[in-house]
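Novice: Below: one structure in structure tokens.
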Amino acid sequence: MSLTTPYYLIDKSKLLANMEKIALLRERSGAKALLALKCFATWSVFDFMRDYMDGTTSSSLNEVRLGHERFGKETHAYSVAYADYEIDEVVSHADKIIFNSIAQLDRFADKAAGIVRGLRLNPGISSSSFDLADPARPFSRLGEWDVKKVEPVMDRISGFMIHNNCENGDFDLFDRMLRVIEEKFAPLLKKAEWVSLGGGIHFTGETYPLEKFAERLKRFAGEYGVEVYLEPGEASITRSTTLETTVLDLLNNGKDLAIVDSSIEAHMLDLLIYREKAKLSPNTGPHRYMICGKSCLAGDIFGEFDFENELKVGDRISIQDAAGYTMVKKNWFNGVKMPAIAIRELDGEIKTVREFTYADYEESLS
Ligand SMILES: *Cc1c(COP(=O)(O)O)cnc(C)c1O
């Protein structure tokens, strides 16, 4: 099958580098690592990832089911709120269920009585500087924070989930925030059997002090007598994938513009939401172009980048670091052709695992 752009290309050898770091961290720290499906749910590579991780965590019924059916191993269920019609099925797929509020824990006390239950805690601090993604923002709905309210329900739960890191590559900041968590929640942590510290920790990054991180997790586990979980999303798949596009047209409107057969809004939405530009490599050379998407959104722009040579129609543009929060968020805006999903195997062979057609577009609506 000849591969036409656009497509996401997952490179297993790059994914392997992250997986090996995760496996090393698990070994050194004793912590368990669950893939956060909300970041990455491309199940074609789950067979590959399974050997290096302990299971999955979820934020909805669909995700917990996918984790259970496609990844297996340990499956955590969490959701900001479960509906009455979902809860039985959620419980049927999960090893642990983590409620976002005491009210939900109460509401589903009977239905969830058969599995391990936990509660999300909100420590009121986070590493996020972007309001939209800050779980500790003012009036946050994400978790309980009042120790006095949580203590009385300790007979029904055995652990906690605390997610307050966000693309945090700074170990000292993680360490300081964990100390605040310990100070705030010590009476609860001492009664817990397990604590998940969530995702958002960039520990697979090249310069991250993995040994110090492992030691800190181990110390935390020892101090409170808890099993520690991590829920890496982005850290699991970072730098493993590119979005492969082709130049369709070139314009000069005071700047050199290149239009590609993709759309930042449809295929890499997070960049638009967080006002970040895409990553291109090597991004050096005398020819600067603004790389633009093909939707009719005026600001559908991947960014400005430098090239060694002048671009021509038909040139390939590879957008780097395109695994996290991309495939799970892609959409049919403008009816733009949805990128296929391809995998580069360890031996270099490229396999297309999914292509999207007009029928997929039509069937996404009625
Ligand atoms: C988003 C999220 C994660 C994954 O976060 P990453 O930044 O992708 O590592 C893990 N746990 C919870 C509860 C989350 O909301």
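Laboratory data are not the source of any read-out in this text; all were calculated from the coordinates shown. None of these values were measured; they are calculated from a predicted model. Cβ coordinates were reconstructed from backbone atoms using ideal geometry, including for glycine residues, and neighbour counts include every protein chain displayed.
Novice: Only loop residues by DSSP count here, and only those with at most 11 other Cβ atoms within 10 Å; note down the GluC sites (Glu not before Pro) in region 186-229 that meet that. It would help to have the intermediate numbers written out before the result.
Specialist: On the way: sites: E193, E206, E211, E215, E223, E227; in loops: E193, E206.
Taking region 186-229 and a limit of 11 other Cβ atoms within 10 Å, the loop GluC sites (Glu not before Pro) found are E206.
Novice: Please compute the alpha carbon radius of gyration of region 219-366, then divide it by the globular-protein estimate 2.2 N^0.38 Å. Two decimals is fine. Spell out each step's value before the answer.
Specialist: On the way: Rg = 18.4 Å, N = 148, 2.2 N^0.38 = 14.7 Å.
Expressed relative to 2.2 N^0.38 Å, the Cα Rg reads 1.26.
Novice: Out of residues 5 or more away from Y229 or on other chains, whose amide H comes under 5 Å of its own, with H placed 1.01 Å from N in the peptide plane?
Specialist: For Y229, whose amide H was placed from the backbone, the distant partners under 5 Å are K32, V195, S196, L197.
Novice: Could I ask something else about it? K218 to E20: FRET efficiency via 1/(1 + (r/R0)^6), r the Cβ-Cβ distance, R0 22 Å, to the nearest 0.05?
Specialist: Details: r = 19 Å, r/R0 = 0.87.
Working from the Cβ atoms, E equals 0.70.
Novice: Same structure again: How big is the charge dipole of the chain about its Cα centre, in debye rounded to the nearest 20, if each Lys and Arg gets +1 on its Cβ and each Asp and Glu gets -1 on its Cβ?
Specialist: Here the size comes out at about 680 debye.
Novice: Related question: Can you tell me which lysines have their Cα less than 20 Å from the Cα of K294? Leave out same-chain residues fewer than eight positions away.
Specialist: Within the straight-line cut-off, K294 pairs with K255, K277, K279, K312, K329, K330, K337.
Novice: Out of residues 5 or more away from R354 or on other chains, whose amide H comes under 5 Å of its own, with H placed 1.01 Å from N in the peptide plane?
Specialist: Amide H neighbours of R354: I341.
Novice: How much length is gained if the chain between S13 and W332 is pulled fully straight, taking 0.36 nm per residue apart and subtracting their Cα-Cα distance, in nm to one decimal?
Specialist: 111.8 nm
Novice: Report the calculated FRET efficiency for S318 and F139 (r = Cβ-Cβ distance, R0 = 30 Å), to the nearest 0.05. Please list the in-between numbers first.
Specialist: On the way: r = 41 Å, r/R0 = 1.38.
Once rounded, the FRET efficiency stands at 0.15.
Novice: Give me Rg/Rg_expected for region 284-366, where Rg uses Cα atoms only and Rg_expected = 2.2 N^0.38 Å with N residues.
Specialist: 1.33
Novice: Just name one of G159, G254, F333: the one whose Cα is farthest towards the positive end of the charge dipole of the chain (beta-carbon charges, Lys/Arg +1, Asp/Glu -1).
Specialist: Going by the Cα projections, it comes out as G159.
Novice: So if the hydrodynamic radius of region 27-135 is defined as the Kirkwood radius over C-alpha pairs, what does Stokes-Einstein give as its diffusion coefficient at 20 °C and 1.002 mPa s, in µm² per second?
Specialist: Calculated translational D: 144 µm²/s.
Novice: Determine which lysines satisfy two conditions relative to K32: a Cα distance under 25 Å, and not lying fewer than 8 residues away in the same chain.
Specialist: Qualifying lysines at Cα under 25 Å: K12, K14, K21, K73, K96, K184, K190, K191, K212, K218.
Novice: At what distance in angstrom do the alpha carbon centres of region 202-233 and region 15-76 lie from each other?
Specialist: Computed from Cα coordinates, the inter-centre distance equals 16 Å.
Novice: So for the pair K111, E206, with labels modelled 7 Å out along Cα→Cβ, what separation do we get in nm?
Specialist: Using points 7 Å along Cα→Cβ, the separation is 4.8 nm.
Novice: Still on this structure, I have one more. Could you work out how much longer the chain between S59 and I273 gets when fully extended? Use 0.36 nm per residue separation minus the Cα distance between them, nm to one decimal.
Specialist: 75.0 nm
Novice: Charges on Cβ only, +1 for Lys and Arg, -1 for Asp and Glu, centred on the Cα centroid of region 1-85; of T42, S58, L9, which one is farthest towards the dipole's positive end?
Specialist: L9
Novice: If we count chymotrypsin sites (Phe, Trp or Tyr not before Pro) as exposed when they sit in a DSSP loop and have at most 10 other beta carbons within 10 Å, what is the longest stretch of the chain that avoids them all?
Specialist: That gives 140-366 as the longest site-free run.
Novice: Rank these for me by crowding, S29, S60, S140, going from fewest to most other beta carbons within 10 Å.
Specialist: Fewest-to-most Cβ neighbours within 10 Å comes out as S140, S60, S29.
Novice: Give the Rg/Rh ratio for the chain, taking Rg as the radius of gyration of the Cα atoms and Rh as the Kirkwood radius, to two decimals.
Specialist: Rounded to two decimals, Rg/Rh equals 1.00.
Novice: Moving on. Please rank V353, V91, fewest neighbouring Cβ atoms within 10 Å first, as an exposure proxy.
Specialist: V353, V91
Novice: With a 10 Å cut-off between alpha carbons and a GNM built on the chain, which of R275, R316, R137 moves the most?
Specialist: Sorting by GNM fluctuation, first place goes to R275.
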